[in-house]
Amino acid sequence: MANKGRKPQHASRRRQARPSGGWPRLATDAAVAVATALICCFGLALHLGRDLPETSALWRHSGGPQITLLAADGAPLPVHGAASGAPIRLADLPAHVPQAILAVEDRNFYHHFGVNVISIIRAALVNLREGGVVQGGSTITQQLAKNVFLSPERTLRRKAQELILALWLEGHLTKDEILTLYLNRVYFGAGAYGIDAASHRYFGKPARDLSVSEAALLAGLLRAPSKLAPTHNPEKAGRRARLVLDQMVRAGFLSERRALKALEQPVRLSSARLNTSPYFVDYVLREARAIAGDIDADLIVHTTFDRDVQEAAEVGLAAGVALRAEDLQGAEAAAAILDRSGAVLALVGGRDYRYSQFNRAVQARRQPGSAFKPFVYLAAIESGKRADDRVLDAPVRVGTWAPDNYKSRFYGDVSYREALARSLNAATVRVQETIGRSAVRRTARAMGFEGKLNKGPALALGVDEVSPLWLAGAYAPFANGGYKVRPYVINRVETADGDVLFRRDSVYLSEAASPSSIRIVNEMMRGVVIWGTGKAAAIPGYDAAGKTGTSQNSRDAWFAGHAGGLVGAVWVGRDDNGPMPGVTGGGPPAVIWREVMGRALPPRYVAPVQELPRAEPTDPIAALLQIEG
């Protein structure tokens, strides 16, 4: 009883063990927990950031200098299947273009800091329910970070890196800069990267001319470019475009009246075109890199490429080869088409790029044969000779060399005009030996014939090798009145920032020959097409002038000439330099040239004429009068 009222000793110890000042201690614990969490987050960020990509090349594709190729009309050229349009500024676009993309991809783009927390939480809940990453909830900034820096894999690690990079982008760029980058980089399907490339690909116009309905269709592609491509699935693409218009109305970007008007406006897709032009692309990339040198910047290259002429060249070459398929077993073909100034409009370097990437139009060096003869006769005319002067076509010997005519057929006393039209070797050698080989070499050089020029008598028969491109360039003065040009594929090169690195100001190098001499030789080459060896090259409605060429043992066969302001050279041969029995320049090359040039030039009406007698006149002047009469 004596201990009654005393508190147990252990209870007293429990009270003494309780901490004093409860709230400060809780605050300390919370601070420690927060600091620990921050340290863990910082450590995680460091861990994830160890292999983050370099951000200094942000404005470049794939972190390296990018070359964007533009055709003469401004349309992007696909580089081996993928096309990037010209870099376009946000201010250059109609307001409805970026608005269509914002409405369907990131309506709150201008109001978040690069990450939309609500979208992330919603996506996380969906992913937990599905047991995997099926929804991203990414903002445009995050999409840009993924497109520019990261792989498309769906992992938590990649997603965390995407968040870090999105925050970095928001801290270093304005919202307009981020949206501009996005519009120039995002993939729209069909090999088109960027809004401008997509606009050209699907509608055949630059992005600055997109209508509301067209902008909605492109914006709808971003979710699934391949599945929603209007070229493959127009119904799904149309439904998606209507959804985009609805979202634009909900976001306040578009009135209901304007949306209904856009729905009523038909969207016309551009027709499918041949737009690969891989041989042209290879050549222009090589030239662009040579111009740029060691400049470390993205480049925009304005080329001379003409899509219509390229299509004509590709289709025409295939058609011509098909027409003479029995003669061309195992043979290759190449073509180069220029305008009067030397601008290369189209190149076909072989029958199938997938089989061989060797660009025969540029890289092959082959003997032009009789396609060289116009330079011999031009030299003669320049020296004072006339087209109607006479020359003996009979067996000739110069030293130990004795050239033969085709099938050993000789015509005796002929005019220069007939000697060229019939491609008479013996007569041409006599003309050359009369005026001097040095005069022929000077004239060929003045016209733009590149490469070595033989000092022997065989010079007249085209034994010096040349590429189809450079032979076409040497024929260009015949089309422009007598001015030497150098074939070119680039008009201007500039950086993505607008600094001009190269601009072509002059295309005519010098006077190659007098206009009167050019006019006379053109008349002589018209005879080649009208009644000479190149009859198969005639184009209805056009006054074509050109020359056939066949090297020894038919190892090379050519037709080069001009019509309607276009200059073209076609070559046929084997890569192993083997013979093609029976093939001459007046055969497959002339047919291919006609098919190519006939498609490249606009059609002209040709009045029907009365059938002429089949007998071929021996007098070429009489022949011309008969046909014209």
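At-a-glance table
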| item | result |
| --- | --- |
| Matching entry among Ala288, Ala336, Ala343 (being touching a Gly at 6+ places or on another chain (Cβ under 8 Å) and among the aliphatic types (A, V, I, L, M)) | Ala336 |
| Enumeration of residues in segment 461-486 that are open to solvent by 10 Å² or more (accessible area, probe 1.4 Å) and part of a loop (DSSP other than H, G, I, E, B) | Val463, Asp464, Glu465, Gly481, Arg486 |
| Candidates Arg409, Arg441, Arg417 - the one that is of a type in the set (D, E, K, R), open to solvent by 60 Å² or more (accessible area, probe 1.4 Å) and at pLDDT 95 or above | Arg409 |
| Extreme residue, modelled with the lowest pLDDT, among residues of segment 279-327 that are open to solvent by 10 Å² or more (accessible area, probe 1.4 Å) and assigned to a loop (DSSP other than H, G, I, E, B) | Asp296 |
| Residue within segment 397-420 that is of a type in the set (A, V, I, L, M, F, W, C) and assigned to a helix (DSSP H, G or I) present | yes |
| From Ala318, Ala335, residue being under 25 Å from Pro588 (Cβ atoms), free of Cβ contacts under 8 Å to residues at least 60 places away in the same chain and of a type in the set (A, V, I, L, M) | Ala318 |
| Residues satisfying the stated conditions in segment 490-510, i.e. more than 17 Å from Thr68 (Cβ to Cβ) and of a type outside the set (Lys, Arg) | Asp505, Ser506, Val507, Tyr508, Leu509, Ser510 |
| Among the residues listed as Ala419, Ala476, Ala427, the single one being closer than 16 Å to Pro374 by Cβ and within 33 Å of the chain's Cα centre (by Cα) | Ala476 |
| For Pro540: the one exception among (1) of a type outside the set (Phe, Trp, Tyr); (2) open to solvent by 10 Å² or more (accessible area, probe 1.4 Å); (3) part of a strand (DSSP E or B) | (3) |
| Residue match in segment 602-625 (condition: within 26 Å of the chain's Cα centre (by Cα) and at pLDDT 95 or above) | no |
| The listed residue being crowded, with 24+ Cβ neighbours inside 10 Å, of a type outside the set (Val, Ile, Thr) and free of Cβ contacts under 8 Å to residues at least 40 places away in the same chain, out of Ala563, Ala590 | Ala563 |
| Every residue from segment 202-229 that is part of a loop (DSSP other than H, G, I, E, B) and open to solvent by less than 10 Å² (accessible area, probe 1.4 Å) | Leu210, Ala229 |
| Residue in segment 331-345 that is among the charged types (D, E, K, R), open to solvent by 40 Å² or more (accessible area, probe 1.4 Å) and over 28 Å from Asp308 (Cβ atoms) present | no |
| Hey, Asp556 among the acidic types (Asp, Glu) and open to solvent by 10 Å² or more (accessible area, probe 1.4 Å) or not | no |
| Among the residues listed as Ser438, Ser423, Ser341, Ser356, the single one being part of a loop (DSSP other than H, G, I, E, B) and more than 24 Å from Met580 (Cα to Cα) | Ser341 |
| Scan of segment 68-95 for residues that are open to solvent by 50 Å² or more (accessible area, probe 1.4 Å), at pLDDT 80 or above and over 19 Å from Val309 (Cβ atoms), ordered by number | Pro87, Arg89, Ala91, Asp92, Ala95 |
| One residue from Arg504, Arg445, Arg519 being over 28 Å from Arg397 (Cα atoms), without any contact (Cβ under 8 Å) to a residue 24 or more places away in the chain and more than 26 Å from the chain's Cα centre (by Cα) | Arg519 |
| Filter pass, Val267 being of a type in the set (Val, Ile, Thr), surrounded by 16 or more Cβ atoms within 10 Å (Cβ to Cβ) and more than 30 Å from Arg239 (Cα to Cα) | no |
| Any hit, segment 423-437, residues being touching a residue at least 60 places away in the same chain (Cβ under 8 Å) and either open to solvent by less than 10 Å² (accessible area, probe 1.4 Å) or under 23 Å from Val529 (Cα atoms) (or both) | yes |
| The one condition in (1) open to solvent by 50 Å² or more (accessible area, probe 1.4 Å); (2) within 30 Å of Gly565 (Cβ to Cβ) that Leu260 fails to fulfil | (2) |
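Residue-by-condition table, conditions (1) modelled with pLDDT of 95 or more; (2) of a type in the set (A, V, I, L, M, F, W, C); (3) part of a loop (DSSP other than H, G, I, E, B):
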site	(1), (2), (3)
Leu347	yes, yes, no
Arg351	no, no, yes
Pro374	yes, no, no
Leu378	yes, yes, no
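The values are calculated or read from the model by the stated rules, or taken from the named source; none is laboratory data. Here the structure is a predicted model, which means the values were calculated and not measured. So basically every Cβ, Gly included, is an ideal-geometry build from the backbone, and we count neighbours across all protein chains shown. Note: accessible area is taken over every heavy atom of the protein model, side chains too, but ligands, DNA and RNA are not part of it. Shrake-Rupley method; radii C 1.70, N 1.55, O 1.52, S 1.80 Å.
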